[in-house]
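Each remark here refers to the structure printed beneath this line.
The values are calculated or read from the model by the stated rules, or taken from the named source; none is laboratory data. What you see is a predicted model, and the numbers here were worked out from it, not measured in a lab. As a convention, Cβ positions derive from the backbone with ideal geometry for all residues, glycine included, and neighbour counts pool all protein chains shown.
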Amino acid sequence: MKRFADHLAERTARRTAELIVDGASAQMVQHLDASIAATRAAAHEEAEWQYRQLEATISLTAVLPLRAPLPRMRGYPISPDFGLAVVDAIDDTGAELVVELGSGVSTLICAYALEARGRGRLRSLEHLPDYAAQTRHLLERHGFTDEHVEVRDAPLQEVTVGDDVFPWYDLRAVDDLSDIDVLVVDGPPGPSHPLARLPALPLLHERVRPGGIVLLDDGDRPEEQEIARRWREALPSWSVDELDVEKGAFRLRKPM
Ligand SMILES: C[S@@+](CC[C@H](N)C(=O)[O-])C[C@H]1O[C@@H](n2cnc3c(N)ncnc32)[C@H](O)[C@@H]1O
């Protein structure tokens, strides 16, 4: 079966041949050759990522005991491969407490991953009441109705970290939380501040238990790379890995 990229490359090659017949300049032919190669490489890379998300979705649906269809992923929601990284972190730490910043499909995945292990609580902070309601509805639809899973309203408020002020979740929403095994950082969203997610570790690192894991989504964005750089600088004893996932991600682990 021919791939789309190969069809495209063949069509462009035919057009190149026509141009040669038409007496087009060697420079133009060279230019077309280069764009064929670039198009082919980009399309192959895209196809590879699509396939990897499909693989990750199949794995997620195999390991999570789903009771209803998963909503669409990617874009604002996490991508399937990051979802797998969350499930891995929950398994790896034997999580008793997962805290999430930014609710949605990821909340559902955390809830199922804890359920599959037979224990653990999830607290998900959400700053927008409409999204909080939407996530609660999603959880209900999937049968998560008890106190193990909770979406907490946490409107953004000004917090000071170092010399900067950030709009970040109302800290009262984490007052009772300590010994966090897994912290998933997928909010607040970028538009609220370029380094919107930076406060997460300065404010919560003491609440993460030794050996606990912090996952930062969207690691391909320059802003998240800057956040990870600053976290690394502030917490040099933590290990930091970059995950090879669709949107990029960082996984940090607190030393034992
Ligand atoms: C990156 S999203 C979090 C997504 C979530 N972790 C998930 O997997 O679905 C960060 C925040 O953006 C907001 N949000 C979610 N979907 C949105 C959308 N389609 N447009 C604008 N804001 C959105 C919500 O407040 C959410 O907490």
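Worth a mention:
- For region 147-156, a residue qualifies if it is in contact with a strand residue (DSSP E or B) (Cβ under 7 Å, 6 or more places away or on another chain) and more than 13 Å from the ligand (Cβ to nearest atom), and the qualifying residues are HIS148, VAL149, GLU150.
- Qualifying residue in region 19-41 (condition: closer than 30 Å to GLU246 by Cβ and modelled with pLDDT under 75): no
- Of the set (1) without any contact (Cβ under 8 Å) to a residue 12 or more places away in the chain; (2) farther than 23 Å from ARG207 by Cα, all apply to VAL165 but (2).
- Residue check, ARG232 of a type in the set (D, E, K, R), surrounded by 17 or more Cβ atoms within 10 Å (Cβ to Cβ) and away from the ligand (no atom under 16 Å from the Cβ): no
- Selected residue (criterion: farthest from the ligand (Cβ to nearest atom)) from residues of region 159-185 that are modelled with pLDDT of 95 or more and among the acidic types (Asp, Glu): ASP179
- Of everything in region 169-213 that is charged (D, E, K, R) and part of a strand (DSSP E or B), the residue that is farthest from VAL86 (Cα to Cα) is ARG209.
- Some residue of region 65-73 being under 22 Å from LEU108 (Cβ atoms), aliphatic (A, V, I, L, M) and part of a helix (DSSP H, G or I): no
- When we screen THR107, THR135, THR93 for residues that are within 12 Å of the ligand (Cβ to nearest atom), within 19 Å of LEU216 (Cα to Cα), of a type in the set (S, T, N, Q) and in contact with a strand residue (DSSP E or B) (Cβ under 8 Å, 6 or more places away or on another chain), the only hit is THR107.
- Failed criterion for ARG229 (all others in (1) assigned to a helix (DSSP H, G or I); (2) closer than 17 Å to GLY75 by Cα hold): (2)
- Within region 200-220, residues that are in the same structural domain as VAL165 (by TED's automatic domain parsing) and under 17 Å from GLY120 (Cα atoms) sit with their Cβ atoms under 7 Å from residues that are polar (S, T, N, Q) and in a helix (DSSP H, G or I), at 6+ positions apart or across chains, in these pairs: GLY211/THR93; GLY212/THR93; ILE213/THR93.
- Enumeration of residues in region 27-71 that are under 24 Å from LEU216 (Cβ atoms), within 16 Å of the ligand (Cβ to nearest atom) and without any contact (Cβ under 8 Å) to a residue 24 or more places away in the chain: THR57
- Scanning region 186-203 for residues that are more than 13 Å from the ligand (Cβ to nearest atom) and either farther than 17 Å from VAL159 by Cα or buried (at least 20 other Cβ atoms within 10 Å of the Cβ) (or both) yields LEU198, PRO199, LEU201.
- A single entry from VAL182, VAL159 fulfils the requirement of being more than 17 Å from GLU226 (Cβ to Cβ), under 18 Å from the mean Cα position of the chain (by Cα) and either assigned by TED's automatic domain parsing to the domain that holds THR107 or not hydroxyl-bearing (Ser, Thr, Tyr) (or both): VAL182.
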